[in-house]
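As structure tokens, the structure follows; a few thoughts come after it.
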Amino acid sequence: MEKMLVLFKYYNDAKLAIENFKSLKKRFNFEILPLYVKELRVPTGVTFLSPSMTMDILKEYEDEYIEDLKSLLLKEGVEEELVVEIGINKDIIQEYLKKVDCLMVEETEYLDEDFLDILKIVYKPVIIVNKNVSTFKNIVIISDDGVKINKSVNSFIRDFPQIKNVTLLSWNYKYQENHLLELLKRKGIEVKVEMFNQHFNTKDEFFQKMNEFDFIVMGNLSKSFFFEKITKRMGVEIIEKAVKPIFIG
């Protein structure tokens with residue numbers, strides 16, 4: 001039985017994370033470890049108040065949010081107690097990841113520093129939820145046949161052995177270059193291949209196709225997130241354009 005660390009923050013949609021967890025629990029029998037990390041610093045962009053005043057206001061707001069979150073978890077049938085820690089997000093997450101099999105985190109608007117820091121330090125698979133609740137039935141793998149997607153797929157196969165059918169979706173790659181296809185077939189997984197390229201398709205068509213699925217498997221980003229973002233690398237665009245949960249192994 002897989003156990004998932006679900007990270008809650010006051011600026012995220014707790015209901016969205018809970019509903020996606022419940023869907024995973026129903027389909028794959030996941031357990032949950034709910035975690036809330038209190039801020040130790042002033043949020044980016046708050047400049048009209050002094051740091052001390054901002055932190056006082058934030059503490060009051062967070063305390064109220066945490067109580068509401070505890071009530072919401074119980075209302076939604078999640079009996080596990082919410083763990084509340086004070087400290088630096090990434091340090092606490094690294095410690096709690098030792099107790100679980102994967103992490104669920106909500107994508108933040110504009111892929112802010114906290115969100116990207118988490119992707120840098122995770123050493124277990126991560127599920128990113130964004131705009132919708134998923135049934136986690138129709139799976140798409142976004143493949144460039146690179147090392148990172150190969151690593152993600154290996155983690156996905158291990159964590160979701162019930163999945164026996166997937167679609168392999170590629171941008172600007174030839175069928176013969178998808179060595180990942182051979183791996184999937186060897187694991188007994190039936191694969192449908194759909195190839196998109198810039199000569200016949202637009203990226204909008206590619207992302208529209210991607211969002212027809214319930215669950216998106218992709219490789220992790222590089223350490224140079226800022227470079228990937230300003231150069232519009234495909235990995236960043238997938239996260240920005242996706243409307244369904246993403247798995248990164």
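Per-residue answers, yes or no, for (1) in contact with an Asp or Glu (Cβ under 6 Å, 6 or more places away or on another chain); (2) outside any helix (DSSP H, G or I); (3) touching a residue at least 24 places away in the same chain (Cβ under 8 Å):
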| residue | (1), (2), (3) |
| --- | --- |
| LEU180 | yes, no, yes |
| LEU183 | no, no, yes |
| LYS192 | no, yes, yes |
| MET195 | no, yes, yes |
| HIS199 | no, yes, no |
| GLN208 | no, no, no |
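When each of LYS99, LYS124, LYS120, LYS137 is tested for being touching a residue at least 24 places away in the same chain (Cβ under 8 Å), surrounded by fewer than 15 Cβ atoms within 10 Å (Cβ to Cβ), within 30 Å of ASN165 (Cβ to Cβ) and of a type outside the set (Phe, Trp, Tyr), the lone residue that passes is LYS137.
Here the stretch 29-48 is the region considered, the condition is being in a loop (DSSP other than H, G, I, E, B) and surrounded by 13 or more Cβ atoms within 10 Å (Cβ to Cβ), and the residue that is modelled with the highest pLDDT is PHE30. Which of the residues belonging to the stretch 5-31 are under 15 Å from the mean Cα position of the chain (by Cα) and over 18 Å from ILE163 (Cα atoms)? If the condition is that a residue be under 15 Å from the mean Cα position of the chain (by Cα) and over 18 Å from ILE163 (Cα atoms), then LEU5, VAL6, LEU7, PHE8, LYS9, ASN12, ASP13, ALA14, LEU16, ALA17, ILE18, GLU19 are the ones that fit.
What about ASP145, is it among the acidic types (Asp, Glu) and part of a loop (DSSP other than H, G, I, E, B)? Against the criterion (among the acidic types (Asp, Glu) and part of a loop (DSSP other than H, G, I, E, B)), ASP145 qualifies.
Selection of the stretch 163-178 for residues being assigned to a helix (DSSP H, G or I) and exposed (fewer than 11 other Cβ atoms within 10 Å of the Cβ) yields TYR175, GLN176. Within the stretch 1-28, how many residues are in a loop (DSSP other than H, G, I, E, B) and among the basic types (Lys, Arg)? Counting residues in the stretch 1-28 that are in a loop (DSSP other than H, G, I, E, B) and among the basic types (Lys, Arg) gives 1.
The values are calculated or read from the model by the stated rules, or taken from the named source; none is laboratory data. If you're wondering where the values come from, they're calculated on a predicted model, not measured in any experiment. Heads up, the Cβs are rebuilt from the backbone with ideal geometry, glycines too, and the neighbour counts pull from every protein chain shown.
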